[in-house]
Amino acid sequence: MKVALISPSKEHLHELGQVLHGFSHQAILVEGGKSKMREVVERDQPDILLVEGMCCDPAELSPVEYVTTHHPQVAVVLLCPSTTPEFLLNSMRAGVREVLTAPISPTLLQAAIERIANRLRVSRGSTHGRVLAFIGCKGGSGSTFLATNLGAQLAAQHSVLLIDLNLQFGDALSFVHDGHPVTTLSDMAREIERLDATFLSSSAVKVAPNFSVLAAPEDPAQAMEIKPEHVDAIIALASSRYDFVLLDLGRNIDSVSVKALDRTSTIFTVMQASVPGVRNAQKLLTVFRSLGYGGERIEVIVNRFERGGEIGVAEIERALGKLAIHTVPNSYKQVSAAINHGDPLLNSARNNPVSRNLADFARNLSPVPQQDARSLFGRLLGRASA
């Protein structure tokens, strides 16, 4: 949420600004009083406007009423050191969403903002996009290929942002694009106070009309600049702007990756059907359980799966327990060619078994209603001409 805070106290601005940033909100801090309200709303267009320093005089509500009348999409919240029943009633009549007692604790402030934000989302008909994480059990599992190419499939019907969180050695962009990013995740972290929808969109590389990639740092040393709160804020904003946010994670489980995983609805653990693959998957699942991630959030993808191989789905289920297991067939030659060309497999080999598998995967993640105006022959002809 974009939250503007007006206060006559520099100290309070600093303290509350830190609270808002800590909870992944974009904070606009303005020193002054109620006379600044109109200017701030018309210039910055916040979702929520916090105004501190109002007293119990109903005459002070005139600028509040102007804002709520002319900018009804903005939720106005007053922070008052004291109130009276009459002032509360007049505030409600003026269109104020809530009156909170100042000083306010970080927990109560966040609770109030989340309460208001939920109402705003409902009234605007907006929902959060799904956040999906991909993490390989061992090197070479194919998690980056699957994340990037599933993103390309989802983008046929949805808006998709892939965030490369393999901070030291991430190269997800090269799987689907042959250029270099102008801005990376570390650049965004250095200017996190600028974070808004425009900054996020302009920092990501647009691979296709509905598919963008936010690249990992070009220099591995820059990974140290990215903090958990930076990642949390970026994912929170991205999930409010995109239908799907895909996270390509490295194998290291640290404070940054845990903060990212906390935001996910589903964690896809990518492995291959081998003894080392199964053993590493068991270790990773143990880590997930220790972090409190239940089995309902974890699914397994067995990449480069060969039917009739020594280790089948039944053996993997016995080793890992009851988890949803997806298999992706082996098509090494065409997959490698697509990666080497920096192009989604969908573009170069639409009828490849892996392409078809990922297309089905994408449909299962978000089924698209059938268009009843199209006949069976129409759908077949449409597929043939694609």
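Brief remarks on what is shown
- Neighbours by Cβ (under 8 Å, 6+ apart or cross-chain): first from the stretch 191-204, among the polar types (S, T, N, Q); second modelled with pLDDT of 90 or more and in a helix (DSSP H, G or I): S203/D187; S203/M188
- Tally of residues being surrounded by 18 or more Cβ atoms within 10 Å (Cβ to Cβ) and over 18 Å from the mean Cα position of the chain (by Cα) across the stretch 208-228: 3
- Test for I163: is it more than 22 Å from Q272 (Cβ to Cβ), modelled with pLDDT of 95 or more and assigned to a strand (DSSP E or B): yes
- Among helices (runs of 4 or more DSSP H) entirely within the stretch 175-258, having at least 1 residues that are under 24 Å from M1 (Cβ atoms), in contact with a His (Cβ under 9 Å, 6 or more places away or on another chain) and of a type outside the set (S, T, Y) singles out 185-190, 228-241.
- When residues of the stretch 331-353 are limited to those that are hydroxyl-bearing (S, T, Y) and farther than 14 Å from V176 by Cα, the one surrounded by the most Cβ atoms within 10 Å (Cβ to Cβ): S331
- Boolean, V176 is aliphatic (A, V, I, L, M), in the same structural domain as R279 (by TED's automatic domain parsing) and without any contact (Cβ under 8 Å) to a residue 40 or more places away in the chain: no
For (1) touching a helix residue (DSSP H, G or I) at 6+ places or on another chain (Cβ under 6 Å); (2) within 27 Å of N364 (Cα to Cα), each residue gets a yes or a no:
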site: R97; (1), (2): yes, no
site: A117; (1), (2): no, no
site: V131; (1), (2): yes, yes
site: K138; (1), (2): yes, yes
site: S141; (1), (2): no, yes
site: L146; (1), (2): no, yes
site: D164; (1), (2): yes, yes
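- Qualifying residue in the stretch 320-339 (condition: in contact with an Asp or Glu (Cβ under 8 Å, 6 or more places away or on another chain), assigned by TED's automatic domain parsing to the domain that holds Q272, under 22 Å from H158 (Cβ atoms) and modelled with pLDDT of 95 or more): yes
- Under the condition of being part of a loop (DSSP other than H, G, I, E, B) and on the phi < 0 side of the Ramachandran plot, the residues counted in the stretch 85-112 number 7.
- Considering (1) within 15 Å of A102 (Cβ to Cβ); (2) touching a strand residue (DSSP E or B) at 6+ places or on another chain (Cβ under 9 Å); (3) without any contact (Cβ under 8 Å) to a residue 24 or more places away in the chain, the lone condition that E15 does not fulfil carries the number (2).
- For the stretch 353-377, the tally of residues that are farther than 17 Å from L154 by Cβ, at pLDDT below 95 and not aromatic (F, W, Y) stands at 7.
- Out of L89, L78, one residue alone is farther than 30 Å from V258 by Cβ, touching a strand residue (DSSP E or B) at 6+ places or on another chain (Cβ under 8 Å) and hydrophobic (A, V, I, L, M, F, W, C). It is L78.
- Of everything listed in (1) closer than 23 Å to V3 by Cα; (2) part of a loop (DSSP other than H, G, I, E, B); (3) more than 23 Å from the chain's Cα centre (by Cα), the single unmet condition for H128 is (3).
- The residues in the stretch 259-276 that are farther than 23 Å from Q168 by Cβ and assigned to a helix (DSSP H, G or I) can be counted, and the count is 1.
Listed here are the residues, each with its yes/no results for (1) at pLDDT 95 or above; (2) within 25 Å of A362 (Cβ to Cβ); (3) aromatic (F, W, Y).
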site	(1), (2), (3)
T184	yes, no, no
A204	yes, yes, no
D232	no, no, no
A238	no, yes, no
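The values are calculated or read from the model by the stated rules, or taken from the named source; none is laboratory data. Everything numeric here is computed off the predicted structure, so don't read it as measured data. Reconstructed Cβ throughout: ideal geometry from the backbone, glycine too, with neighbour counts over all protein chains shown.
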